[in-house]
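Please read the structure below before turning to the comments.
The values are calculated or read from the model by the stated rules, or taken from the named source; none is laboratory data. Model, not experiment: these values are computed from the prediction. A quick note on method: Cβ atoms are made from the backbone with ideal geometry, for glycine too, and the neighbour counts reach across all protein chains shown. Remember, those area values only see protein heavy atoms, side chains included, never the ligands or the DNA or RNA. Shrake-Rupley method; radii C 1.70, N 1.55, O 1.52, S 1.80 Å.
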Amino acid sequence: QDIIELPGTFGEFSDVTQATRDDKKFNVLIFGRGDPEDFNLKGYDIAVKAIAALKDASYHLMFVGAPNGKEEEGAKHLLQGGISRCQLTVRTFLPNKEELERLFCEVDLHIMPSRNEGFGLGALEALSAGVPILVSGNSGFGCALRTLPSGKSFVVDSEEPNDWAKAIADVRQKDRTKRLKEILRLRTCYEEMFNWEKQCEAFVETMQRIVHGKTFI
């Protein structure tokens, strides 16, 4: 089958190869711990209600990160959002790179609908692996994406499940090859804008100016 290979210059998952086939099922990924207090803060309820609002059994939600042995407990909370049990998979935390790589090859979209998120490492890892993403405008990652060309199209500035449902459906309506190419372009732009080496060099230069008394904090 056709594949899209992603250049190995961005993060530890940049060597992941995404197949270009479109399956009948559309797998949407969310990361989390499954703790009750996180359901509101991280917007898990938004994710579940968004899938339910689509009224299409071919959408499948994959929740990864539940405490070991508490998968069914986490599923019980998620099912309160209105989706059927056959539309939900709950897994424990995946501790190693190989398992995460396999996961990123299983899913079609990663969403991060957090009501409050300092940054959002899971979404960054998904971007690194070439997985299409949608992130909350309430996250640090969302703020960063807004600074990139076309980056705003990957940010959802809403806590309404219906708005997330529409955004998810819009992603699915695109040809999978087009989706993968769009996320690759975003990844390239992100790497150019937020290159770690350049950021460190800029930090060192700023500190040197401070030490020499040329900059005031």
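On the given criteria, is residue 118 farther than 20 Å from residue 66 by Cα, open to solvent by 10 Å² or more (accessible area, probe 1.4 Å) and small (Gly, Ala, Ser)?
Answer is yes for this residue.
Quick one: what pairs do we get from the stretch 136-148, first residue open to solvent by 20 Å² or more (accessible area, probe 1.4 Å), second at pLDDT 90 or above and among the hydroxyl-bearing types (Ser, Thr, Tyr), C-beta under 7 Å, 6+ apart or different chains?
Final answer for the pair search is 138/114.
Restricting to the stretch 176-187, and then to whatever is farther than 12 Å from residue 108 by Cβ and touching a residue at least 12 places away in the same chain (Cβ under 8 Å), can you tell me which residue is surrounded by the most Cβ atoms within 10 Å (Cβ to Cβ)?
Among those that are farther than 12 Å from residue 108 by Cβ and touching a residue at least 12 places away in the same chain (Cβ under 8 Å), it is 187.
Residues being surrounded by 20 or more Cβ atoms within 10 Å (Cβ to Cβ), touching a strand residue (DSSP E or B) at 6+ places or on another chain (Cβ under 7 Å) and either over 15 Å from residue 27 (Cα atoms) or of a type in the set (Asp, Glu) (or both): count how many of those fall in the stretch 45-102.
Number of matching residues: 3.
Mind checking whether some residue in the stretch 36-59 is over 15 Å from the mean Cα position of the chain (by Cα) and among the hydroxyl-bearing types (Ser, Thr, Tyr)?
yes
In the stretch 154-169, which residue that is assigned to a helix (DSSP H, G or I) and open to solvent by 80 Å² or more (accessible area, probe 1.4 Å) is nearest to residue 184 (Cα to Cα)?
Looking at the filtered set, the residue picked out is 166.
Scan the stretch 85-114 residue by residue and report those that are assigned to a loop (DSSP other than H, G, I, E, B), aliphatic (A, V, I, L, M) and either more than 22 Å from residue 127 (Cα to Cα) or modelled with pLDDT of 90 or more (or both).
Once the filter is applied, which keeps residues that are assigned to a loop (DSSP other than H, G, I, E, B), aliphatic (A, V, I, L, M) and either more than 22 Å from residue 127 (Cα to Cα) or modelled with pLDDT of 90 or more (or both), the stretch 85-114 yields only 107.
Considering the stretch 141-152 alone, what residues qualify as being modelled with pLDDT under 90 and either assigned to a helix (DSSP H, G or I) or among the hydroxyl-bearing types (Ser, Thr, Tyr) (or both)?
Scanning the stretch 141-152 gives a single hit, 150.
Out of 130, 74, 82, which single residue is in a loop (DSSP other than H, G, I, E, B), farther than 29 Å from residue 193 by Cβ and either of a type outside the set (D, E, K, R) or modelled with pLDDT under 95 (or both)? Break it down into steps so the answer makes sense when it comes.
On the way: 130 fails: farther than 29 Å from residue 193 by Cβ; 74 fails: in a loop (DSSP other than H, G, I, E, B).
That would be 82, the only listed residue that is in a loop (DSSP other than H, G, I, E, B), farther than 29 Å from residue 193 by Cβ and either of a type outside the set (D, E, K, R) or modelled with pLDDT under 95 (or both).
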